[in-house]
Each structure stands twice: as C-alpha cells, then as structure tokens.
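Asks: Have a look at this one before I ask anything.
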Amino acid sequence: MRRSTVLLVAALAALVLAVPLLARLPYHRDLVIKVLLFGMLAQAWNILAGYCGQISLGHAVFFGTGAYTSTVLQLEAGLSPWLGLLGGVLLAVLLSQIIGYPCFRLRGHYFAIATIAVGEIVQTLALNWEAIGAARGLSLPIRPDSLAAFQFHRSKYPYYYIVLGLLLTCLAVSAWIERSRVGYYFRAIREDPEAAASVGIPVTRYKLIAMAFSAAFVAAGGTFYAQYVLFLDPESAMPLSLSILICLLAVVGGVGTLWGPVLGAAVLIPLSELTRVQFGGTGRAVDLIIYGALLTAVAVYQPAGLAGLLRRARGR
Amino acid sequence: MLAVRDLEVLYGDFQVLWGVSLEVQEGEIACLLGPNGAGKSTILNAVSGLVRPAAGTIEFCGERVDRLPTHEIVTRGLSHILERRRVFPYLTVEKNLSLGAYQERARPHREESLAWVYDLFPRLRERRQQLAHSLSGGEQQMLAIGRGLMSRPRFLMIDEPFLGLGPRVVAEILEIIRKINAAGVTVLFIEQNVQLALEVSHRGFLLESGRMALAGPARDLLEADLIREVYLGI
C-alpha cells in the first residue's frame, strides 16, 4: 500500500512534468490548462460543499471578484497582477463573509437557492457598473512576456506551471484541512448541524471559515483566468453556468474527497471540448446533455463519484 | 443548578410552551415526562440555546443563559444529547467522541475523558474504529451519551435515551446514567415510560400540552392520582 502510493505519486509527478512536452499543439495545452484550472475551482468548492456540506451555486461571484480585482487594479493603478491576485483573494474572502453571514441562516436547499440569487444579483450589478466596463467588459493590454507581468505569449508553458502551482496549493490546503481539527468540525457540521452545535461547535463560525478558504482559491483562479484570456465581461467571468459547472465537476468526480474534483475536471472538461469540436455551434448543448446523463448515473449508481469508483476498484 | 421560569416558546405562530417553570438541583437525576407533542424536547432545546424562547428566563448555575448561543452554553458545563442519537454517521466512533471534546476547557482532558467513556461503555472501545452508522441502535445511544460526556459536563440533558431500545439495553443504559450521576453529574432526561423514569429519578416533571401539570419528588409523583390513573393505569 505505502509503496504503491509512492509509485503512484511518482508516476503522476512524471506525467505532470512531461505534459508540456507531450501536448505540443496549442489546443492541447489550452485543454490541459483548463483541466487544471477547473480542477482547482472544483476542489475549492469542495472545501465548503464537500467537507462542510454547504452547497453553493454562487461561486462564480468569487471567480469574478478575483478576475475583476486584479484587472481593474492593473488598468487603473498599474498594479502588478500578482498583487492584484492577492487583492482579489482578500476581497473575495471579505465578500464571502458578507454573503455567508445571512445566507448561512438558511439550511440545505434554501442555502443553495440563496447563493444562486446572490450570484445573479452580483452579475447584474457588474453588467451595469460603468467603472468596471459594464456589459462591454475589460481588455488587458498585451505586454511583453514576463513573470512580473503575468503574461506569456511566445509559449503558454508558464501558464501551465502557474495553474499547476495553484492547484497543488489548493490540494495541499485541502489535505491539511482533511486531517486537521477544523476538518473534523466541518464534517460534523455536514453530517448533523444540530448535533455539532450540541457538542459546542460554533456552527456559523466554522461555515464562514470554510467559505473563506473556498472563496480565496476560486478568486485566485479568477485572476489566473483574467491573465490567461486578457478579456473579461460579466457573461464570461461570473455566469451562473460557471457556478453550476464547478459544482458538477466535483459531484461527478466525488464530493468530499481530495482527488475527486480534479478527477471530475480531468474527465468532463475534455469531454465538453470534444463535443464542441465535433459538433461546433450546432451542438452547443451536447456537453450539457452528457453532463446530465453522467450526473444521473452518478446519483443513482455511485453517489461517491469517480473517486468512490476508484476506491472500490482498489479495495477489491 | 438549572432554573427555568415562565418559559414560553413559539414555532412561528404556534405556541408550544405556556409559562413553564422547573428547577433541578445539583446532584439530582430528574426526568421530564409527558405525551408526544407536550413540549418536552422544546424545553431542552431552549435550555441549550437551539431554540430561542419568546418569554421567560433560563438560569444555569446562577447565570442567565437564555440569550447565549449554544456553544457558549456548552462551555459553561452543560451537555445536551439530542433525540434520536444524532451521531455523525460517517465518522468513526473515536472521532465522534473526540468531537465531543471541542471546548477549550475539555480539550486538554481528552485522553482522560476518552478513557472514562470507554470504561463506562466497553462496547464503544471494541468498536472505536467502526463508522458510527454501522452500530446498533443501543450502541449509537451509548455513543451519543459518550460524546456528550466528552465535554466534561456538570449537567447532562438526555432526550429520550431509551427510544426504540430493547429491555436489556435499557437496563444497561439506566445503570450507566446512575454511574454518571454518582460521578457528580446532574442529569435531566426525557422519557415516556413513567414508571421506569420515576424509579431512577429523584425528581420528576409532568408536562401536558405545553403546561407543567405536575412537579415534585419522584416518590410523590408515583403516588399522585393523576399519574396513577392516566399513566400507570392503576
């Protein structure tokens, strides 16, 4: 068991390092970068929803917060996107507490519905807010390649390594949460909030802590996205469909597990790209049909997701 | 130790408790009796802060606690074991117990408390690595009580500890409640079996439709006409 784990990690590390060599076409590189980005978003969502049991369908708000904060700070104040990333994370954490405090009074489905409402409100505000480009969006000026500028045009590899770093950080924090006392409080709240309160756990405080971690990583992903695409508008940076996609990836991959959400992204993101390539504009919803079918299958046959399937296969 | 005065609780427009008062002295075992829907659980939930009273006061060890959040009430040495056990199903027995020692005050004593709980419930020690949902009903009840003890309470409230359990397990848990009490913990529990409850208790309270119908030393209640006629059928 121990030795096989070491081998597995070594194989994964080798694969991860070899990807830039294997994925020679820009299209494939883009795909791999997307998988890692969405894997991180799904894992960040999982901190709140998987461990702590609070299903949020408004995480696009934090993604947008990260993307817009770094972009606006760059355009208006010439601030480095790296500082912008930090600013976006801080702002998203603050926002998550402001949103979470009232919303956490609601339980289960009602909480999820409230987060959808908040997401729609924030997107509508962004669509009408002139200072951040309103519906026209914002474009970042193209700068020469450099780490300081967070822009790479001659080769996209640096983006790959940056998003990989973000994902690994997110996984490391999640692994720490899983093992720490805080992680057990999260799980106690997920399994039975009243019982958690009855043993003296301040339930709302820990839900807010989970929300803060979750929002922070999603915001970092948002800044990354802004620097990668160099164009932002409310339709692309904070749509409801993004919130739902993040949730879907984690659910299909395995809610409440460390590797599930990444696994979900690794399976579903290429699938959606494939259908896009195969069907073009006429098949716009084909990936959603496949997602729906997969989701139904997961719910019926394997509620623990792909990660549960793997665990079962290994247990045999 | 616990003094509830003129407690009124509403769920929306529906009033559940109408001016209920009760007092439990330190070192006692007390039971709260009454038919379904009388408001027994609501009293315990109000005491532990899970529901907010509309009127009345709750004093625990001489201090008002009726406006405090649950986690602060628990800090003061009160432990509430909820109805239907409510263990964390997908955590192991030992993790369930450890979570009971959340409070700052209880954390340094976790190993000691764990040993105490395992001594009270040897069955839990045998099953410590098992997931809680795989335990039998009686074992889950033991786990719920054990988890409640991990915070080192001075006052333990148990909501229907014997619900759905066989006679042998009931006897076992009764014995443990006596032991816990002998260790200096005041106990207040809810029970439907009047005879059984009054036999272990020092004091009893009978609740009917949200009002206190009878209260007094358990021995007197066993003799009371109302109880003899309505609940014991003699």
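Values in this text are rule-based calculations from the coordinates and carry no lab data. Every value quoted in this text rests on a predicted model; they were computed, and no experiment measured them. FYI the Cβ positions are ideal-geometry reconstructions off the backbone, even for glycines, and counts take in every protein chain you see.
Asks: Calculate how many DSSP beta bridges within chain B are antiparallel, expressed in % of all such bridges and rounded to the nearest 5. Walk me through the numbers before you get to the answer.
Replies: On the way: 21 of 37 bridges.
In chain B, DSSP labels about 55 percent of beta bridges as antiparallel.
Asks: Given only helices, namely DSSP H runs of n ≥ 4 each adding -39500 (n - 2.57), what is the per-residue ellipticity at 222 nm of chain A, to the nearest 500 deg cm²/dmol? If you can, show how the numbers build up before the last one.
Replies: Details: 14 runs with 236 residues, N = 316.
Using -39500 (n - 2.57) per qualifying helix, the result is -25000 deg cm²/dmol.
Asks: Around residue A:72, what is the net charge, scoring Lys/Arg as +1 and Asp/Glu as -1 over all other residues with Cβ under 15 Å from its Cβ?
Replies: Numbers: positive: A:136; negative: A:76, A:130, A:233.
My count for the surroundings of residue A:72 gives -2.
Asks: Under unit Cβ charges (Lys, Arg +1; Asp, Glu -1), what dipole magnitude, rounded to 20 debye, does segment A:158-316 have relative to its Cα centre? Can you show the working numbers first?
Replies: On the way: 12 positive and 8 negative charges, 119 e Å.
It comes to approximately 560 debye.
Asks: Can you tell me the FRET efficiency between residue A:135 and residue A:21 if r is taken as the Cβ-Cβ distance and R0 is 51 Å, rounded to the nearest 0.05? Before the final figure, lay out each step's value.
Replies: Values: r = 41 Å, r/R0 = 0.81.
For R0 = 51 Å, the calculated efficiency reads 0.80.
Asks: Only helical DSSP H runs with n ≥ 4 go in: add -39500 (n - 2.57) per run for chain B, normalise by residue count and round the 222 nm mean residue ellipticity to 500 deg cm²/dmol. Present the calculation step by step, with values, prior to reporting the outcome.
Replies: On the way: 9 runs with 80 residues, N = 234.
When only DSSP H runs of four or more count, the value is -9500 deg cm²/dmol.
Asks: Continuing with the same structure: For segment B:80-145, with only Lys/Arg (+1) and Asp/Glu (-1) charged at the beta-carbon, what is the dipole magnitude about the Cα centre, in debye rounded to 20?
Replies: Details: 11 positive and 8 negative charges, 35 e Å.
The dipole of segment B:80-145 has a size of about 160 debye.
Asks: Further, regarding this structure: Rounded to the nearest Å, what's the spacing between the alpha carbon centres of segment A:239-316 and segment B:158-234? Just the number, please.
Replies: After rounding, the separation between the Cα centres reads 53 Å.
Asks: Picking from A:156, A:207, A:34, which is most flexible by a Gaussian network model of chain A using Cα springs under 10 Å?
Replies: A:156
Asks: As I understand it, the dipole of segment B:1-143 uses +1 on the Cβ of Lys and Arg and -1 on the Cβ of Asp and Glu, about the Cα centre. Which of B:51, B:138, B:89 lies farthest toward its positive end?
Replies: B:89
Asks: I would also like to ask the following. Determine, from the Cβ-Cβ distance of residue A:290 and residue B:154 and an R0 of 60 Å, the FRET efficiency 1/(1 + (r/R0)^6), rounded to the nearest 0.05.
Replies: 0.55
Asks: Hey, rough spin-label estimate for residue A:6 and residue A:117, points 7 angstrom out along Cα→Cβ, what's it come to in nanometres?
Replies: Calculated label separation equals 5.5 nm.
Asks: Let me ask something else about it. May I ask you to list the lysines whose Cα is less than 16 Å away from that of residue A:34, ignoring any residue fewer than eight positions away on the same chain?
Replies: A:156
Asks: Can you compute the modelled spin-label distance between residue A:77 and residue A:105, with each label point 7 Å from Cα toward Cβ, in nm?
Replies: About 3.4 nm separates the two model spin labels.
Asks: Would you mind giving the mean number of other chain beta-carbons within 10 Å of the Cβ of each residue in B:86-93, as a whole number? Provide the component values of the computation, followed by the final result.
Replies: Working: counts 8, 3, 10, 2, 4, 4, 0, 0.
Neighbouring Cβ atoms belonging to other protein chains average 4 per residue here.
Asks: DSSP loop (so not H, G, I, E, B), at most 10 other Cβ within 10 Å: list which chymotrypsin sites (Phe, Trp or Tyr not before Pro) in segment A:187-236 pass both filters. All intermediate terms of the calculation are to be shown ahead of the outcome.
Replies: Working: sites: A:206, A:213, A:217, A:224, A:225, A:228, A:231; in loops: none.
Sites meeting the loop and neighbour criteria: none at all.
Asks: Given charges of +1 on the Cβ of Lys and Arg and -1 on the Cβ of Asp and Glu, with all other atoms neutral, how large is the dipole of the protein assembly as shown about its Cα centre, in debye to the nearest 20?
Replies: Values: 50 positive and 42 negative charges, 444 e Å.
The calculated dipole for the protein assembly as shown is roughly 2140 debye.
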